[in-house]
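Written below as structure tokens is the structure these notes are about.
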């Protein structure tokens, strides 16, 4: 009964795989049997995460590359193919908001355009470029699964995060477009999906959601008030959805953006 969810023998790449959500996903895929390559710019953080996965009995390696640098990504891809021979899974977990692009305490008109451009590139281009480079390998194999990370900000107007919202809305459209393109061109075993996390405390948003004394901020309390489950998510709660989308259990699922949000996206707040 559990075999369709297993990932034994598969090779997975997780961009940003040392972050809070990316790290949980990387560890979860390894527990399901995948050989996980953690891709990112920060060698020390990537090595630490890979070592932690190996201590738990998982298979983990490191690929140092910037998701916005095509040349670096090509080199990382080629090193992985030389070592493993294939790529079965890509999870695009690199991303996050940029502090200079926030407009919490000022009009959006006052946000520097270069800050908006930075957050757009980090989230949208930082998903598109790896998807093209690793997706081309999956096309040649005629098999593979790409999972992108969307956001509640793509579905609802959330104050302060204009650039991030635009980028994540772009990821939703990109997910649907690439799913149709790859299935038509390479067959039914090449799939592209996304998960849309609700609200989790991460490195980038900790100061927005949690006060220095550990209590929730006003923004976090407002989020929880509009979340039917009445709490924030924990990183491990994203793992099952990603594993499902990567596995044979989701073999007829492509082009979906799956909320993992405690009901936030379906609640009116009333």
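Each residue in region 126-139 was checked for being more than 13 Å from the chain's Cα centre (by Cα) and either touching a residue at least 24 places away in the same chain (Cβ under 8 Å) or within 21 Å of residue 22 (Cα to Cα) (or both), and 8 pass.
The listed residues are 90, 80, and the only one of them that is under 30 Å from residue 9 (Cβ atoms), assigned to a helix (DSSP H, G or I) and touching a residue at least 60 places away in the same chain (Cβ under 8 Å) turns out to be 80. Screening the candidates 172, 188 for the property of being touching a strand residue (DSSP E or B) at 6+ places or on another chain (Cβ under 6 Å) and surrounded by fewer than 20 Cβ atoms within 10 Å (Cβ to Cβ) yields one hit, 172. Annotation: of all residues in region 93-103 being touching a helix residue (DSSP H, G or I) at 6+ places or on another chain (Cβ under 8 Å) and assigned to a loop (DSSP other than H, G, I, E, B), the one that is farthest from residue 12 (Cα to Cα) is 103.
The listed residues are 225, 180, and the only one of them that is more than 24 Å from residue 31 (Cα to Cα) and in contact with a strand residue (DSSP E or B) (Cβ under 9 Å, 6 or more places away or on another chain) turns out to be 180. One residue alone among 128, 124, 63 is assigned to a strand (DSSP E or B), buried (at least 18 other Cβ atoms within 10 Å of the Cβ) and at pLDDT 95 or above, and that residue is 63.
Residues in region 192-227 that are exposed (fewer than 15 other Cβ atoms within 10 Å of the Cβ) and closer than 30 Å to residue 132 by Cα: 203 only.
Of the residues making up region 175-188, one or more are at negative phi and not in a helix (DSSP H, G or I). Pairs meeting the criteria (first residue in region 218-242 and at negative phi and assigned to a loop (DSSP other than H, G, I, E, B), second residue surrounded by fewer than 17 Cβ atoms within 10 Å (Cβ to Cβ) and at pLDDT 95 or above, beta carbons under 9 Å, at least 6 apart or on different chains) are 227/263; 228/263; 229/263. Looking for something part of a loop (DSSP other than H, G, I, E, B), free of Cβ contacts under 8 Å to residues at least 40 places away in the same chain and touching a helix residue (DSSP H, G or I) at 6+ places or on another chain (Cβ under 9 Å) - is there at least one such residue anywhere in region 111-119? Within region 111-119, one or more residues are part of a loop (DSSP other than H, G, I, E, B), free of Cβ contacts under 8 Å to residues at least 40 places away in the same chain and touching a helix residue (DSSP H, G or I) at 6+ places or on another chain (Cβ under 9 Å).
Here residue 98 clears all of (1) farther than 21 Å from residue 134 by Cβ; (2) touching a strand residue (DSSP E or B) at 6+ places or on another chain (Cβ under 9 Å); (3) modelled with pLDDT under 95 except the condition numbered (2).
In region 70-83, the condition of being touching a strand residue (DSSP E or B) at 6+ places or on another chain (Cβ under 6 Å) and surrounded by fewer than 23 Cβ atoms within 10 Å (Cβ to Cβ) is met by at least one residue.
Going by the conditions given, is residue 56 out of contact with any strand residue (DSSP E or B) (no Cβ under 9 Å at 6 or more places or on another chain), more than 20 Å from residue 119 (Cβ to Cβ), loosely packed, with under 15 Cβ neighbours inside 10 Å and in contact (Cβ under 8 Å) with a residue 40 or more places away in the chain? Considered against the rule, which asks whether it is out of contact with any strand residue (DSSP E or B) (no Cβ under 9 Å at 6 or more places or on another chain), more than 20 Å from residue 119 (Cβ to Cβ), loosely packed, with under 15 Cβ neighbours inside 10 Å and in contact (Cβ under 8 Å) with a residue 40 or more places away in the chain, residue 56 comes out as no. Residue 214 passes every criterion in (1) part of a loop (DSSP other than H, G, I, E, B); (2) in contact with a helix residue (DSSP H, G or I) (Cβ under 6 Å, 6 or more places away or on another chain) apart from (2).
Within region 136-145, at least one residue is under 18 Å from residue 258 (Cα atoms), at pLDDT 95 or above and touching a helix residue (DSSP H, G or I) at 6+ places or on another chain (Cβ under 9 Å).
For region 140-153, residues that are assigned to a helix (DSSP H, G or I) and in contact (Cβ under 8 Å) with a residue 60 or more places away in the chain total 1.
The values are calculated or read from the model by the stated rules, or taken from the named source; none is laboratory data. Treat the numbers as computed from the prediction; the structure is a model and nothing was measured. Heads up, the Cβs are rebuilt from the backbone with ideal geometry, glycines too, and the neighbour counts pull from every protein chain shown.
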